[in-house]
Amino acid sequence: RIGPEIIKYHTDIYRRLRNTFRYLLGNLDGFSEKERLVITEMPELEQWVLHRLAELDEMVRQACGSFEFHPLFSELHNFCAGDLSAFYFDIRKDALYCDRTDSIKRRAVRTVLDELFNCLTAWLAPFICFTAEEAWLTRFSGEEESVHLRLFPQIPVEWRDDDLAAKWQKVRNLRRVVTGA
């Protein structure tokens, strides 16, 4: 089956993923390793995003090992649309646009955006191969090899923090109620 509604649905999914890459690329312009912070120097919200990356990394590796790609793609899309666009990017855009370039919060956000970019380009490359390659080469034109020749990034064990995740789930649930009201 295929028709206008199915095509529109998949176009919307693709647009959300592409917009995630555009946001990351736009806010990573000029990022250097001198800006990078370690996780212990970051605010809790950034630590939560890194925790989510650790959770997703586990799911990516399991899905690839068992050839279960549809649920993986759905989870990656939901992460980009829900956790990132509707939550994290919305909260941190002021820090990116208004804070001093050397502020801890802005540096933490850009460090997390760099990690997000590295993971998402690798994880989504099998699904949206041309877009992932375009994003990768846009950021690293002439410096890096194809995104399709990379291995999945190794996620540090210390990024996983289930207690922090539980706390932020409560915050997100409360935010959802307040936003709805």
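Structure notes:
- Enumeration of residues in segment 152-174 that are closer than 18 Å to ASN118 by Cα, of a type in the set (Phe, Trp, Tyr) and part of a helix (DSSP H, G or I): TRP159
- Among the candidates GLU75, GLU33, GLU58, residue that is exposed (fewer than 13 other Cβ atoms within 10 Å of the Cβ), of a type outside the set (Phe, Trp, Tyr) and over 20 Å from VAL157 (Cβ atoms): GLU33
- Selection within segment 7-30 - of a type in the set (Val, Ile, Thr) and open to solvent by less than 30 Å² (accessible area, probe 1.4 Å): ILE13, THR20
- Check on VAL112, in contact with an Asp or Glu (Cβ under 7 Å, 6 or more places away or on another chain), at pLDDT 95 or above, crowded, with 18+ Cβ neighbours inside 10 Å and hydrophobic (A, V, I, L, M, F, W, C): yes
- Within segment 137-160, the residues that satisfy the criterion of being open to solvent by less than 60 Å² (accessible area, probe 1.4 Å) and modelled with pLDDT of 95 or more are PHE152, PRO153, ILE155, PRO156, TRP159.
- Residues in segment 61-72 that are open to solvent by 50 Å² or more (accessible area, probe 1.4 Å) and in a helix (DSSP H, G or I): ARG61, GLN62, GLY65, SER66, PHE69, HIS70, PRO71.
The values are calculated or read from the model by the stated rules, or taken from the named source; none is laboratory data. As the structure is a computational prediction, the values presented were derived from the model and not from experiment. All Cβ positions, even for glycine, are placed from backbone atoms using ideal geometry, and neighbour counts span all protein chains on display. Ligands, DNA and RNA are excluded from the accessible area calculation, which covers all protein heavy atoms including side chains. Shrake-Rupley method; radii C 1.70, N 1.55, O 1.52, S 1.80 Å.
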